[in-house]
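The values are calculated or read from the model by the stated rules, or taken from the named source; none is laboratory data. Only a predicted model underlies this, so the values are computations on that prediction, with no experimental measurement involved. A quick note on method: Cβ atoms are made from the backbone with ideal geometry, for glycine too, and the neighbour counts reach across all protein chains shown. For the accessible areas, the whole protein counts, side chains as well, though only heavy atoms, and no ligand, DNA or RNA atoms are used. Shrake-Rupley method; radii C 1.70, N 1.55, O 1.52, S 1.80 Å.
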Amino acid sequence: MTSDLFKRVKYVEVESPNLKQAYRDEYWPKDLLPIRDKLPDKRGTPRWLVVKDGKLVSNVFPTASVEAGWKQTLTAIEKAVGT
């Protein structure tokens, strides 16, 4: 992400000790639990969520390639911040 764009977003990384625990409450910030609860599928990582004003605007779970998933997410971030 370009440094100018990065300054305009809040980046949160959810880390768990293993894949099976990735969606457990204790690893998610409390303000993101309602977003997590609305995800249609709660398995697997990586997953990139873009949230704006408390609403989920992008949910990317890359199946083809991580690079393609990140590009899709970056586009969603740029759109959300109005670049």
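Within the stretch 1-22, if we keep just the residues that are touching a Leu at 6+ places or on another chain (Cβ under 8 Å) and free of Cβ contacts under 8 Å to residues at least 24 places away in the same chain, the residue that is farthest from Thr83 (Cα to Cα) turns out to be Val14.
Within the stretch 58-82, restricting attention to residues that are in contact with a Lys or Arg (Cβ under 8 Å, 6 or more places away or on another chain) and over 24 Å from Pro17 (Cα atoms), the residue that is surrounded by the fewest Cβ atoms within 10 Å (Cβ to Cβ) is Val81.
For the stretch 51-83, residues that are in a helix (DSSP H, G or I) and not hydroxyl-bearing (Ser, Thr, Tyr) total 14. Residues in the stretch 21-33 that are more than 13 Å from the chain's Cα centre (by Cα) and either under 19 Å from Val57 (Cα atoms) or among the hydrophobic types (A, V, I, L, M, F, W, C) (or both): Lys30, Asp31. Under the condition of being open to solvent by less than 90 Å² (accessible area, probe 1.4 Å) and in a helix (DSSP H, G or I), the residues counted in the stretch 1-36 number 10.
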